[in-house]
1. Placing the label point 7 Å from Cα along the Cα-to-Cβ direction, what are the distances from A:PRO130 to the equivalent spots in the other copies, shortest first, in nm to one decimal?
2. Residues of the range A:128-177 losing 10 Å² or more of accessible area relative to the isolated chain, 1.4 Å probe, heavy atoms only?
3. Taking a spot 7 Å from the Cα of B:ARG153 along the direction of its beta carbon, which residues of the range B:34-73 have an amide N less than 19 Å from it?
4. Along the charge dipole of the protein assembly as shown, pointing to its positive end and built from +1/-1 on Cβ of Lys, Arg, Asp and Glu, which listed residue (B:GLY201, B:VAL226, B:LEU137) has its Cα farthest out?
5. Separation of the range B:171-247 and the range A:75-103 by C-alpha centroid, Å?
6. Treating the angle as unsigned and between 0 and 90°, give the value, to the nearest 10°, between the Cα long axis of helix B:100-116 and the longest Cα principal axis of chain B.
7. Distances from A:ASP294 to the same position in the other copies: list them in nm, one decimal, shortest first, using label points 7 Å from Cα along Cα→Cβ.
8. If R₀ is 30 angstrom, what is the calculated FRET efficiency for the pair A:ALA144 and A:ARG182, using the beta carbon separation as r and rounding to 0.05?
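The values are calculated or read from the model by the stated rules, or taken from the named source; none is laboratory data. Since the model is a prediction, treat every value here as computed from it, not as a measurement. With ideal geometry, Cβ positions are generated from the backbone for all residues, glycine too; neighbour counts draw on all protein chains shown. Heavy atoms of the whole protein, side chains included, go into the accessibility calculation; ligands, DNA and RNA do not. Shrake-Rupley method; radii C 1.70, N 1.55, O 1.52, S 1.80 Å.
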There are 2 protein chains.
Amino acid sequence: MASRQATEEDPDEAFVVQSVRDLGGATEGGVGIGDDAAVVGGGDVVTTDTMVEGVHWDHRLSAADVGWKLVAVNVSDLAAMGARPRWATLAATLPAPLDRAWWTAFVAGLDAALRHWRLPLVGGDTTRAPHTRVLTLTVAGRAASPVLRSTARLADDVWVTGQLGRSAEAFLQTTPGAAAARWLRRPEPPVEFGATLAEAGLATAMIDLSDGLARDLARLCRASGVGARIDPDRLPGGRPLAQSVAFGEDYELCFTADSASAAAICSNAARHGVTVTRIGVITQDAVPLLVGHDRWPASRFDHFSGDPV
Amino acid sequence: MASRQATEEDPDEAFVVQSVRDLGGATEGGVGIGDDAAVVGGGDVVTTDTMVEGVHWDHRLSAADVGWKLVAVNVSDLAAMGARPRWATLAATLPAPLDRAWWTAFVAGLDAALRHWRLPLVGGDTTRAPHTRVLTLTVAGRAASPVLRSTARLADDVWVTGQLGRSAEAFLQTTPGAAAARWLRRPEPPVEFGATLAEAGLATAMIDLSDGLARDLARLCRASGVGARIDPDRLPGGRPLAQSVAFGEDYELCFTADSASAAAICSNAARHGVTVTRIGVITQDAVPLLVGHDRWPASRFDHFSGDPV
């Protein structure tokens, strides 16, 4: 497919997202739909993510993994705003009759993740579905000063945390229980590091890497009205480019920062046991570019061949 | 079925609710799962409700009605806490290909209700499902002093707003578009009245009537450790008992209050254009009783025959 796909979305999803913009009127002091999480005023930040059986997970994830991951994908969105999670609600739609063993294992994984991020589950709703498990978690958090994806500045450095492509590698491995599977099954977004970056005013813009750098950095650039030049040799992890940028499910952070902040960022990362890598720079190009490549990588990944499509 | 059913829940639902109690640790200053909405501290209150196609609605509701009702059922939960809604998030799971006409009508109804209650939609998530539409709204609100269902006191009066059984009547009518259908399709829980009751300290306990008085008053009594004696001749609306107490979907409020508060409650109701009726009194019985009947009405309603089962 065309290289411009990096800045395109699924047209049905775009239609839905566009249709709900500003419903019910604007929030006071808030920033609405369009960032990783919504800022609802007073530093309160909220996000919601749904996982659908057969769409967001398959046999590679145990019920407990699904429970963990449902929390992780939501706190990753808050991390990208520099927010710490405060409370969560769960909406579970489950086929009848209830599979109590599956549910009990799911709850164990959910609880492990909630405790890991010190996040109380305060409420929820349980409903019946004819076919498929649908699990929605809503997480509210607070940030002293929320970091948006739309505020990157020209000549800022572009950073990522952790390694890229670990979930892709795990997904493509045929050995069940391989060590790498941990990243696919139990992602650990660097929430505390994100919050301290925001508190120290070190990140100018931030996004979480849930759909892969190709798609997520393109979103950050589009929102900020800037481009970027990324050095493929600096992408941390040294995996094939398709795995590093096109698969997604990294649940790492991508952020921009003034080049004068580099030392402070590195020492902050070391304090939190997080690795950080400078992978490029923000430019006035129209779109992000990959140095030495004639086009930005495709943002979709064929889950069967392991190739970008 | 036995008369004790009024205090029983679906065993699978009870299993699920019990399994998620206190997950992730307790909230500071909060009241967790078990009331209409969760109190998360600082007067913040949150609720979440899911509507599943084929389970929570059928051909009687248009797409726009579903949008309205998704908001109404959530703000009804907040009304029962004496809270005013502040913001909402929507998680929509939709079969592919997207039915854009259905979605556009749904959004119109959703927006009408959001504007009716001055509630901004701040965020959301859209996912694909293989089969069935699943729509989850999470609404956060604020109450100066949240009213729980567990704080009714001996000799308090029991009150309800509006009329009971209007949705039941509409459901059983065979004429499409009958005037009564409005109550089934576009419920209007008395949010502002509930908030002012709480602010004036007039309600000692409160619950919303989503599952019918038989089930919901039994819940309030169980949570408060009290009984009640209800006069069936005072149930407002004058519909058959099964419709009045066993169908549900009234989205009115049931609250308890000191008998000295009666005049203040009536003048407050008049100010908000809400009708209120004293239907009984809180007692030290083990369960609620219906005067002149040998048992509390069954809480389930056969949607085809119109009889309690």
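1. Label-point separations across copies, in nm and ascending: 1.3.
2. A:ARG128, A:PRO130, A:HIS131, A:THR132, A:VAL134, A:THR136, A:THR138
3. none
4. The residue sitting farthest along the positive end of the dipole is B:GLY201.
5. Each part's Cα centre sits 31 Å from the other's.
6. It works out to around 40 degrees.
7. Result for A:ASP294, in nm, nearest copy first: 9.0.
8. E between A:ALA144 and A:ARG182, to the nearest 0.05, is 0.40.
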